[in-house]
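A.B. asks: One structure is given below, represented as structure tokens, and several questions about it will come after.
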Amino acid sequence: MSPAGSGRPQPGRRRVVVTGLGAITPLGPTVASTWEGLVAGRCGIGELTLFDAATFETRIGGEVKDFSPERVQRQVKPEIAEALDRKNALGLVAALEAFADAGFKPGGVEPGRLGIALGTEGRRDSLLPELAQRKLRVSGVEQRRRALAEIPAWEYLRYSPYGLAYVLAAQFQARGPITTISTACTSSSQAIGFALDKIRHGEADVMLAGGAECLMEPTMVAGFILLGALSKNNDHPQQASRPFDGERDGFVLAEGGAMLVLEDAWHAYRRGARVYAELAGFGSSINAYRITDSPPDGQGPMLAMQAALADAGLGPEEVDYINAHGTSTVQNDASETAAIKRCFGARAAAIPISSTKSMTGHMVNAAGAIEAIISTQVIGEGFIPPTINYQHPDPACDLDYVPNRGRRQRVRTVVSNSFGFGGSNGSLVLRAYEP
């Protein structure tokens, strides 16, 4: 039913639109500056500065420049500020931009009809050693009880996976559906899918959905190095992320926050909201293959794309662009290429595909959200960002990856892919909104 019709669509039939965007990335502190960097083909990767990585095999990353959590803390209520570590502060900055962009003010949505869905995870490097050294190594039950009682609640919230959800709920007075999903690189795509279902089925009118990430700490960087997942091209950081290139040697970690305001189309129509695009479908799957490797035949990713298209009620012939997961690892890029060929058949060669991780780096838990934002911008701006650093063709990756230079092109429908460590897959379908 059209939003302009005689009655509100029934639960299960409600359409969901994107009415607000917010982001802070290695390319810039806003959606506009990030998009400007993508259009220019600029790379936000450089040497790691958040910790001393001199002895690490990988010493590069996509850091957010000139960012201070303390500056964000001064802008919010004390009870919110206490829970803001760097990751949560990045998420809050993106959420504030998205909420303002949607035309909402705090308290501007009925609290029980506003929900939050996030993709993120807890910080491992700070809290656990702190507890081990300062709180738990005491003798006697009573001493331990007193020591633990001295820990303020915010200390747990700051480092827990659900700390950011608490921050955003308190900031925007959201009392509707809420969830935090932690499935590595698929987290925020699955969070957006969760939000889509909550609005469709009438449990919320507005959902703030997205993710935040900051893995620039010794434990996580060392872990990814041990997995053999990171690029070691330290001498040329801006050329290190090179998805689908024949000489790719791993991905580059990045940090940031990305949030979308999703809204029931009828609700958006009634308040005269600007609509960026329609979130038309979501599909997920699991590889059941290996924890860190993608299946060579692309079976899991293919199933996610097929499910997303079916959920959107669209056929492969209607897709104009694919924002690839495209991590720049040997296994992922070949697997994703195989999956696209199996999903789209002979038409796969005609669909432009690009990996914007070549410019942003891999924002892991926030990757799906920033790439959903980019996909929305592609529809609105009629411009497809490039895959930069593409110099050496790979026989296993032989599709149109929009190499090195973006292109002007009318785009109506986009598939945005996210495939995570552990084998989880998520695909989103966004399309131009037609009331």
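Values in this text are rule-based calculations from the coordinates and carry no lab data. Not measured: the values here are computed from a predicted model. All Cβ positions, even for glycine, are placed from backbone atoms using ideal geometry, and neighbour counts span all protein chains on display.
A.B. asks: Could you check the simple spin-label distance between Glu318 and Tyr289, using points 7 Å along Cα→Cβ, in nm with one decimal?
C.D. replies: According to this spin-label approximation, the distance is 2.8 nm.
A.B. asks: So what is the calculated 222 nm ellipticity per residue for the chain, using -39500 (n - 2.57) for each DSSP H run with n of 4 or more, over all residues, to the nearest 500 deg cm²/dmol? Don't jump to the answer; show the numbers that get you there.
C.D. replies: Values: 15 runs with 142 residues, N = 435.
The helix-only estimate for the chain comes to -9500 deg cm²/dmol at 222 nm.
A.B. asks: What is the Cα coordinate range of the range 142-249 on the first, second and third principal axes, sorted by size from largest, in whole angstrom?
C.D. replies: 51, 49, 20
A.B. asks: Name the residue from Leu260, Ala204, Ser68 whose Cα lies farthest towards the positive end of the charge dipole of the chain, charges +1 on Cβ of Lys and Arg and -1 on Cβ of Asp and Glu.
C.D. replies: My answer, from the dipole projection, is Ala204.
A.B. asks: Neighbouring Cβ atoms within 10 Å as the yardstick, rank Thr180, Thr186, Thr292 fewest first.
C.D. replies: Neighbour counts put them in this order, fewest first: Thr292, Thr180, Thr186.
A.B. asks: Output the Kirkwood hydrodynamic radius of the range 365-435, Cα pairs only, in Å rounded to one decimal.
C.D. replies: Working: mean 1/r = 0.0728 Å⁻¹.
Radius from the Kirkwood sum: 13.7 Å.
A.B. asks: A follow-up question, please. For the chain, build the charge dipole from Cβ charges (+1 Lys, Arg; -1 Asp, Glu) around the Cα centre, then report which of Leu230, Pro352, Val275 sits farthest towards its positive end.
C.D. replies: Val275
A.B. asks: By how many nm would the segment from Ala149 to Arg407 lengthen if fully extended, with 0.36 nm per residue of separation less the alpha-carbon distance?
C.D. replies: Contour length minus Cα-Cα distance gives 87.0 nm.
A.B. asks: How are the Cα pair distances of the range 183-230 distributed, in percent, across 10 Å bins from 0?
C.D. replies: Histogram of Cα-Cα distances, whole percents per bin: 23, 35, 22, 16, 4.
A.B. asks: Okay, moving on. So what's the range 351-406 giving for Rg/Rh, alpha carbon basis, Kirkwood Rh from the mean inverse pair distance?
C.D. replies: Details: Rg = 11.8 Å, Rh = 12.0 Å.
On the Cα set of the range 351-406, Rg over Rh gives 0.98.
A.B. asks: If you take the Cα Rg of the range 316-435 and divide it by 2.2 N^0.38 Å, with N the number of residues, what do you get?
C.D. replies: 0.98
A.B. asks: In nm, what is the difference between 0.36 nm times the number of residues separating His236 and Asp52 and their Cα-Cα distance?
C.D. replies: Working it through step by step, the gained length comes to 64.4 nm.
A.B. asks: Then there's this: Taking just the C-alpha trace of the range 19-59, give me its Rg and Dmax in Å.
C.D. replies: For the range 19-59, the Cα radius of gyration and maximum Cα-Cα distance read 13.7, 45 Å.
A.B. asks: Also, quick follow-up: Quick check of the Kirkwood formula: for the range 280-365, what is the inverse mean of 1/r over all pairs of different Cα atoms, in Å?
C.D. replies: About 13.4 Å for the range 280-365.
A.B. asks: Let me ask something else. Longest span of the chain, sites excluded, free of chymotrypsin sites (Phe, Trp or Tyr not before Pro) in DSSP loop with at most 15 other C-beta atoms within 10 Å? Can you show the working numbers first?
C.D. replies: Working: sites that count: Phe51, Tyr289.
Longest run free of exposed loop sites: 52-288.
A.B. asks: Below 8 Å, C-alpha to C-alpha, sequence gap of six or more: please give me the relative contact order for the range 261-306 in percent. Please report the intermediate quantities before stating the final value.
C.D. replies: Working: 20 pairs, mean separation 15.1, N = 46.
Reported relative contact order: 33 percent.
A.B. asks: While we're here: Computed over the Cα atoms of the chain, what is the convex hull's projected area averaged over all directions, in nm²? It would help to have the intermediate numbers written out before the result.
C.D. replies: Working: hull surface 83.3 nm².
Orientation-averaged projected area of the Cα hull: 20.8 nm².
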